[in-house]
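Read the structure below first, then the notes.
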Amino acid sequence: MTKLLQWLLGVSLVLTAWALVSFDLLELSLPPAYREMAWPMPLYLLVSFGCYSLATVGYRVATFNDCVDAAKELQVQIKEAKADLRKKGLKM
Amino acid sequence: MHTPANPVCLVLCEHEADQRREDKYSVLLPTYNERENLPLIVWLLVKYFNESGYNYEIIIIDDGSPDGTLEVAEQLQKIYGSNKILLRPREKKLGLGTAYIHGMKHASGNFVIIMDADLSHHPKFIPEFIEKQKEGDYDLVSGTRYRGNGGVYGWDLRRKLISRGANFLSQVLLRPGASDLTGSFRLYKKHVLESLVERCVSKGYVFQMEMIVRARQLNYTVGEVPISFVDRVYGESKLGGNEIVSFVKGLLTLFATT
């Protein structure tokens, strides 16, 4: 099953459950409080997923390592390499 | 012949030494206009392979660079020997996937390491890749900029934001079981790379992502090693609108087809 199908399956399951409760499709005569709670749920889910995404990406950008030492080390090694390669007869 | 004090240890140690002797690592270096960088990356590769004692060869696949990369490569071959440096040039610039196929045909190692020749990937991590691979007998080991001590150098906030955002989106959509999807510093068992490359059709950044997504699909095991990515020292590195659009297209294609 492709990821797209997995997503469609997941989303349709959630939507079905949501529709059953908020429109009382099975005529379970659920208390009205349930229905009132259920109907804005998809929006809540979307908004909280959005917040989660923003927070995660923001946190990861802020904590992205800057490898300053790695860059310095590389510069030193480049000088070393050039000197050694010249000694070995490389024309650059 | 004398009897050793502890035969079990001797046998085990010999076995280990045999493994070490048998394993060979073929480094594939696709190049295009890397005259400045190629001698440096080769020098570093030789240095770290000699220090760690693993058996290796470096296969340079130059796609007809007009800047004379191939002449430099020939000089390097004279210096380090034609058993260590193999030249497999091609006439003109072709895709990365075909470069790997082309290089692999001539690879005599049972492991293949792919990396960029522009010094953004440092050969000092290769011994860590090899140890990681041995630790879990992984089918592939991927360098990651996004975990542990991994990171980048030379990226501004915009670049970091795009990178993290694209990675997050790909993780959510594809759940690939690896943290760095677009990284191109990886070690593969040779037969694993062969079976992946023949399945992968994408270009550019998406190619690396497709490789790791297909690996998950085929139930290959993936190990990860944090790496520092130092953005191009010589030459230009670009991330423009075109790259982003083709990345999103590729991501959606993978989303719908894998």
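Side notes on the structure shown:
- Extreme residue, positive dipole direction of chain B, given options B:P123, B:G183, B:Y56 (C-beta unit charges): B:G183
- Members of the range B:141-177 that become less accessible by 40 Å² or more once partner protein chains are added (1.4 angstrom probe, chain alone as reference): B:V152, B:Y153, B:K160, B:R164, B:F168, B:V172, B:R175
- Long hydrophobic helices in chain B, taken as whole DSSP H segments with a C-alpha length of 15 Å or more on their own axis and mean Kyte-Doolittle hydropathy at least -0.5: B:37-52, B:69-80, B:157-174, B:204-217, B:241-257.
- Accessible area expressed per residue, the range B:7-257, with surrounding protein chains retained (probe 1.4 Å, Å²): 43
- Stokes-Einstein D (µm²/s) once Rh is taken as the Kirkwood radius of chain A over alpha-carbon pairs, at 25 °C in 0.890 mPa s: 129
- In summary, the helical segments of chain A meeting the span-like criteria, namely a full DSSP H run, a Cα extent along the axis of 20 angstrom or more and a mean Kyte-Doolittle hydropathy of at least -0.5, are A:3-22, A:41-62.
- Within chain A, helix-based [θ] at 222 nm, where runs of 4 or more DSSP H residues each add -39,500 (n - 2.57), nearest 500: -25000 deg cm²/dmol
- Within the range B:7-257, percent of DSSP bridges classed antiparallel, to nearest 5: 25
- Helical runs assigned H by DSSP (4 residues or longer) give chain B a calculated mean residue ellipticity at 222 nm of -15000 deg cm²/dmol, each run adding -39500 (n - 2.57) before division by the residue total.
- Considering only beta bridges that DSSP places wholly inside the protein assembly as shown, some 20 percent are antiparallel.
The values are calculated or read from the model by the stated rules, or taken from the named source; none is laboratory data. Every value quoted in this text rests on a predicted model; they were computed, and no experiment measured them. Cβ atoms come from the backbone with ideal geometry, glycine included; neighbour counts cover every protein chain shown. Side chains included, ligands, DNA and RNA excluded: accessible areas come from the protein's heavy atoms. Shrake-Rupley method; radii C 1.70, N 1.55, O 1.52, S 1.80 Å.
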